[in-house]
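What follows is a single structure, written as C-alpha cells, with notes after it.
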Amino acid sequence: MRSEYCGLVTEALLGQTVTLCGWVNRRRDHGGVIFVDVRDREGYVQVVCDPDRADMFARAEGLRNEFCIQVRGLVRARPEGTTNDNLRSGKVEVLCHELTVLNPSVTPPFQLDDDNLSETTRLTHRVLDLRRPYMQNNLRLRYRVAMEVRKFLDANGFIDIETPMLTKSTPEGARDYLVPSRVHDGHFFALPQSPQLFKQLLMVAGYDRYYQITKCFRDEDLRADRQPEFTQIDIETSFMEEEDIRALTQAMTTTVFRNALGVELGEFPVMPYSEAMHRYGSDKPDLRVKMEFTEVTDLMADVDFKVFSGAANSKGGRVVALRVPGGARDVGGLSRSEIDAYTEFVKIYGAKGLAYIKVNEAAAGAGDKAARWPGLQSPIVKNLHDRALAGVLERTGARDGDLLFFGADKAKIVNDAIGALRVKIGHSEFGRSNGLFEAGWKPLWVVDFPMFEFDEEAQRYTATHHPFTAPKDGHEDWMVSAPEKCLSKGYDMVLNGWEMGGGSVRIHRADVQKKVFDALKITPEDAQLKFGFLLDALQYGAPPHGGLAFGLDRIVTLMTGAESIRDVIAFPKTQRAQCLLTNAPSPVDEKQLRELHIRLRTPAAA
C-alpha cells in the first residue's frame, strides 16, 4: 500500500513517484491550493493538492485531522524560502496525483501537538496519545534499549528463559497480587514480584547464564517511578564474584547507552552505603547536585536549643548542616518566601521544621553578649554556644553570603528531608544558575548494604534486599548475635539519583540460609512452608551465584528525560492503579465469582 514512510521522503527521491500512507496532521487551504501535513511513525511530509485534478481536490477539501489516507504523488523540491530544516523531509514536498481516504476520523478530543494536555486526558484517550511523536519516539527508544540488552547478553553467553506468571505467594517485601484458583477451592496463585526464586533454581539446575525481560507485579502505593506492573531486565549468573557481576552489568549498561542513545556514561565510582547516607542522606544520591551533608551531631549534644540537643542525644538521632553557597546573598540569594516554602517542603518527609543560619560575615566570630556572632543571622544563634557555631562554620567551610540549613531528628527523617531538600535546591533555577547542579550523566555503584533493617513497629529485623542475599565474608556469625553489624554482598546501580538496578550475590549454602532465617525470626516450619522448594534445591550442590535486575521503564525514562515512567509505557496505570482507557479494574458478574468460590463482602461487613 505504500512505497515509503512519510518522514523518510528526502531529496534522494526527487522526481520519483511515491505512495504514502498515514494520518492527516494538519490541513491548510491557501487560496485554492491545499497543503496537507501527513504523519506516520517516521515523521511528517508536506503534500500539495492542486485544483487541476478535480476529484482528488474535492476529497482533499473534505480532509480533517486524523483521517487515515493514502497519497500517490511526485516528489519535488519545495519553493525557495519555504523549506523546514526541522524535518528530514523539509526540503521536499509531494505533489498529489491520487488521494484515497482509507478511514475518516471523528473530531479528536485534543490536538496531537498540544503540549499542555492533562495526564487524565492522555491516559483516557491513550490510543491517540500514542500517535503523538513524543510517545512514538519514547516507545521506539524503549525497543532499541531492549534490543541492545538482548544483543549484549546473547554475545556474552546468556540465554533467555521464561519463568511462571502464576506462582506461589511468598513474602518478598511488597503485597502480592493474588489470582484465585477455580480448580483448587480456596487456593490462590500470586503474580510474581520478581523471578527471584526461579532464577536461583535455574542456577542450581546448571543454566549458569540466564536473563529475561519480564513483567513483575507489586500491589503497593504508586508514585511517578512505580507501576503495579513493570518490566524488569533480570540477570543471574553462576561462578562469578560480586565485582565480576558488577563489571559485566556495567559493561552492558554503557553499551546500551552508547548504542541506543549515543551517550558515553564514563566512570562508575563505587561508594559504600554508609558513605552515601553520611554524605547525601540517600542510597541513590544524585551526584549532579554539588552539595553534601555536614555531620554536626556531636557539636549539638550540649546546646540550649532542645531541637538539636534532643536529636543529638537520642538513640538513632542525627543533626546535619547543608551549606547552600550564595543562598544568603542580598542580591541573587534565596528569599524569605523561598526559605518558607522549603520549610513546608521538608515537612512532607516528617521534619517538624527547617532551622537555618545566614552567614553574612563568617570572619566576624564571637562578639560580646549584646552582639554575639554579629556575622550570623538566625533566631537559633542565641541558643548555640560558641564552640558549636565555630565548629559548624569550620566543618561546612561556610563563606560570606552562604546559607546553612539544618536537619535534626531521627536519622531516617533527617536523611529523607534534607536529602530531598538538597536535590530540590540543586535542581532549582537558583541551584542551576549558581553552579550547584552539573548537567550530564553521573552513574554510581552503591555497595555494602546492611543485611538487615530494624522494623520499629514489628520490633524485629527485616531483610534490606531479600532474605536470600549473601552476607559479606566473615559476617555470618553476627547475623544472630549482632545483626545490625552485618553487611551484605548487595549492590545498586544508580544514575542521576535514580536506582536503575539492584542485585546481590545469593546464599547458596543451606546452613547460611538458616542463619538468615533465624535473624529474621522465620521458623524452620515457616521457612519450609514458604520457601521449601528453594531450600530443598540448595541441598543438591547449589553453585555460588548472583545477579542483578534493572528496571527497563526507569532506564528509558532517564534516557528520554520524561517526568514519569508512564511516558515510556504503552498502556500504564494511574497513581490509583487504574487503567483509564479500559476502565480496569472493574466489577465481574456473579457467575464468575461463583466459579471461583468467592463471595464479596461490603466494606461495612468486612
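The values are calculated or read from the model by the stated rules, or taken from the named source; none is laboratory data. This is a predicted model, so every value here is computed, not measured. A quick note on method: Cβ atoms are made from the backbone with ideal geometry, for glycine too, and the neighbour counts reach across all protein chains shown. These accessible areas exclude ligands, DNA and RNA; they are computed on the full protein's heavy atoms, side chains included. Shrake-Rupley method; radii C 1.70, N 1.55, O 1.52, S 1.80 Å.
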**Request:** Evaluate segment 261-270: report whether one residue or more is part of a loop (DSSP other than H, G, I, E, B), hydrophobic (A, V, I, L, M, F, W, C), out of contact with any Asp or Glu (no Cβ under 7 Å at 6 or more places or on another chain) and open to solvent by 30 Å² or more (accessible area, probe 1.4 Å).
**Result:** no
**Request:** Kindly indicate which of Glu344, Glu338, Glu394 is charged (D, E, K, R), without any contact (Cβ under 8 Å) to a residue 40 or more places away in the chain and closer than 30 Å to Glu429 by Cβ.
**Result:** Glu344
**Item:** Residue satisfying all of: in segment 91-125; under 19 Å from Asp40 (Cβ atoms) and charged (D, E, K, R); nearest to the chain's Cα centre (by Cα) among these
**Value:** Asp113
**Prompt:** Could you say which residue among Arg387, Arg422, Arg395, Arg432 is within 20 Å of Arg336 (Cα to Cα), in a helix (DSSP H, G or I) and open to solvent by 50 Å² or more (accessible area, probe 1.4 Å)?
**Reply:** Arg432
**Request:** Determine which single condition Asp221 fails, assuming it passes every other condition in (1) within 19 Å of Phe152 (Cα to Cα); (2) without any contact (Cβ under 8 Å) to a residue 24 or more places away in the chain.
**Result:** (1)
**Asked** Quick check: anything in segment 129-149 over 22 Å from Gly262 (Cβ atoms) and either hydrophobic (A, V, I, L, M, F, W, C) or more than 23 Å from the chain's Cα centre (by Cα) (or both)?
**Response** yes
**Item:** Close pairs from segment 580-606: first under 30 Å from Asp129 (Cβ atoms) and of a type in the set (A, V, I, L, M, F, W, C), partner open to solvent by 90 Å² or more (accessible area, probe 1.4 Å) and modelled with pLDDT of 90 or more, Cβ under 7 Å, at least 6 apart
**Value:** Leu581/Phe571
**Request:** Within segment 218-239, work out how many residues are over 16 Å from Thr557 (Cα atoms), at pLDDT 95 or above and surrounded by 20 or more Cβ atoms within 10 Å (Cβ to Cβ).
**Result:** 5
**Fill in**
In segment 461-496, anything assigned to a loop (DSSP other than H, G, I, E, B), open to solvent by less than 20 Å² (accessible area, probe 1.4 Å) and not aliphatic (A, V, I, L, M) is listed as Pro467, Phe468, Cys486, Asn496
**helices (runs of 4 or more DSSP H) enclosed by segment 508-606 - at least 1 residues per element that are open to solvent by 80 Å² or more (accessible area, probe 1.4 Å) and farther than 30 Å from Ala260 by Cα** = 510-519, 524-538, 590-595
**Item:** Top-ranked residue in segment 74-90 [being within 18 Å of Arg26 (Cα to Cα) and in contact (Cβ under 8 Å) with a residue 40 or more places away in the chain; ranked as farthest from the chain's Cα centre (by Cα)]
**Value:** Ser89
**Item:** Unique residue being open to solvent by less than 60 Å² (accessible area, probe 1.4 Å) and part of a helix (DSSP H, G or I) when the list is Gln193, Gln212, Gln200
**Value:** Gln200
**Prompt:** Which ones in segment 443-460 are open to solvent by 50 Å² or more (accessible area, probe 1.4 Å) and not hydrophobic (A, V, I, L, M, F, W, C)?
**Reply:** Glu453, Asp455, Glu456, Glu457, Gln459, Arg460
**Message:** Just to check your reading of the model, which residue among Ile555, Ile522 is without any contact (Cβ under 8 Å) to a residue 60 or more places away in the chain and of a type outside the set (S, T, N, Q)?
**Reply:** Ile522
**Message:** Restricting to segment 398-419, count the residues that are open to solvent by 40 Å² or more (accessible area, probe 1.4 Å) and closer than 16 Å to Arg329 by Cβ.
**Reply:** 2
**Asked** Taking the stated definitions as given, is Ala328 farther than 24 Å from Gly310 by Cβ and without any contact (Cβ under 8 Å) to a residue 24 or more places away in the chain?
**Response** no
**Request:** Kindly provide the set of residues from segment 306-340 that are open to solvent by less than 50 Å² (accessible area, probe 1.4 Å), of a type outside the set (A, V, I, L, M, F, W, C) and not in a loop (DSSP other than H, G, I, E, B), ordered by number.
**Result:** Ser309, Gly310, Gly317, Arg318
**Request:** Kindly indicate whether any position in segment 12-35 is β-branched (Val, Ile, Thr), open to solvent by 60 Å² or more (accessible area, probe 1.4 Å) and part of a strand (DSSP E or B).
**Result:** yes
**Close pairs (9 angstrom Cβ cut-off, 6 or more residues apart or separate chains): closer than 15 Å to Arg140 by Cα and small (Gly, Ala, Ser) in segment 256-268, modelled with pLDDT of 95 or more and open to solvent by 50 Å² or more (accessible area, probe 1.4 Å) anywhere** = Ala260/Arg144; Ala260/Met147
**Prompt:** Just checking, which of Thr107, Thr83 is of a type in the set (Val, Ile, Thr), touching a strand residue (DSSP E or B) at 6+ places or on another chain (Cβ under 9 Å) and farther than 23 Å from Gln575 by Cα?
**Reply:** Thr83
